[in-house]
Every structure is written in C-alpha cells, then in structure tokens.
1. Cα-based Rg of region 25-91 per 2.2 N^0.38 Å, rounded to two decimals?
2. What is the extension gain from Lys77 to Ser123, computed as 0.36 nm multiplied by their sequence separation minus the C-alpha to C-alpha distance, in nm to one decimal?
3. Return the tail of the calculated pair distribution for the chain, meaning the percent of Cα-Cα pairs more than 23 Å apart.
4. Please report the antiparallel percentage of DSSP beta bridges with both residues in the chain, rounded to the nearest 5.
5. Ordered by residue, what ³J(HN,Hα) values in Hz, to whole numbers, does region 77-88 give under the Karplus form 6.51 cos²θ - 1.76 cosθ + 1.60, where θ = phi - 60° and Gly and Pro are x?
6. Using θ = phi - 60° and the Karplus curve 6.51 cos²θ - 1.76 cosθ + 1.60, what whole-Hz ³J(HN,Hα) does each residue of region 20-25 get, with Gly and Pro shown as x?
7. When only DSSP loop residues count, what trypsin sites (Lys or Arg not before Pro) in region 19-60 have their Cβ near at most 14 other Cβ atoms within 10 Å?
8. What distance in nm separates the two pseudo spin-label positions at Gln40 and Leu101, each 7 Å out from Cα along the beta-carbon direction?
Amino acid sequence: QVQLVESGGGLVQAGGSLRLSCEASSGRTFRSAAMGWFRQAPGKEREFVAAISWSGGNIAYADSVKGRFTISRDNVKNTVYLQMNSLKPEDTAVYYCAAVLGPIGQYPHEYDYWGQGTQVTVSS
C-alpha cells in the first residue's frame, strides 16, 4: 500500500509554467513503481499525460503535451514531478499521479494507486 499526495497546482496565465509534485508514502514501493500523470477536465474522461519507469529509463508522453511537459522522478525523495511549460487553456484539469508495480502504462486501469488530484487552471 502506498499513499500519493500531489501538490503544485494553481492558476496560471496561458504561456506560463507550473511544476507538479507527487510524493509517495512508501519509498520501497515507489522505487519499484512506474509512475504516471493523468488529467481529467469537467465532463471528460481521465486521460494520460505522461509516465516514467521505475529507473527513469522509459518515458512516454501524450501527443498533446510533447515538447511542453517533462516528467521526472527522484527516488531518494520518493517524488515524481511534472514540469509544465507553455501552458494552454485546454490544459485546465485536475491532475492525478498514479503508481503501478510494473511497466509504464497509458490507461488508468493499468495503475493500482492514485493520488487525490491537484487542480490546474490556465486562463486565456
């Protein structure tokens, strides 16, 4: 069992940047887990944003964020990050981090543990 706590969301103007963090309660689990970021806008399904393997050697991004978002992890701090640059109004959503003891995935059902989410709002 591992708890995930996201932070770093907020209100930003279009073109701005935010860095989201997700800290895991269990270092032992975190260091073995692939981590993903997903987002969900009102009235829409939860969608994949980015994922990183336990070692950081395998990374994937949704096409909509490639070149603007960067996922990284610090296995000493038990934390995964999502650096978001050049934000657009369509990036507005609740962002969730998730963990799975296996390879990275791009679908919510592939993940076992979820955080409570952090709101990101991008104004035009």
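Please treat every number below as a calculation from the coordinates, not as lab data. Keep in mind it's a predicted model, so treat the numbers as computed, not measured. Cβ coordinates were reconstructed from backbone atoms using ideal geometry, including for glycine residues, and neighbour counts include every protein chain displayed.
1. Numbers: Rg = 12.8 Å, N = 67, 2.2 N^0.38 = 10.9 Å.
Normalised Rg, Cα atoms only: 1.18.
2. Numbers: separation 46, 0.36 × 46 = 16.56 nm, distance 3.17 nm.
In short, 13.4 nm is gained.
3. Details: 1651 of 7626 pairs.
Result for the distance tail: 22 percent.
4. Working: 36 of 40 bridges.
Antiparallel bridges: around 90 percent, rounded to the nearest 5.
5. 3J(HN,Hα) across region 77-88, in whole Hz: 8, 6, 9, 10, 10, 9, 7, 10, 10, 6, 5, 10.
6. Per-residue couplings from phi come out as 8, 10, 9, 9, 9, 6 Hz.
7. Working: sites: Arg19, Arg28, Arg31, Arg39, Lys44, Arg46; in loops: Arg31, Lys44, Arg46.
Of the trypsin sites (Lys or Arg not before Pro), the ones in loops of region 19-60 whose Cβ has at most 14 other Cβ atoms within 10 Å are Arg31, Lys44.
8. 2.5
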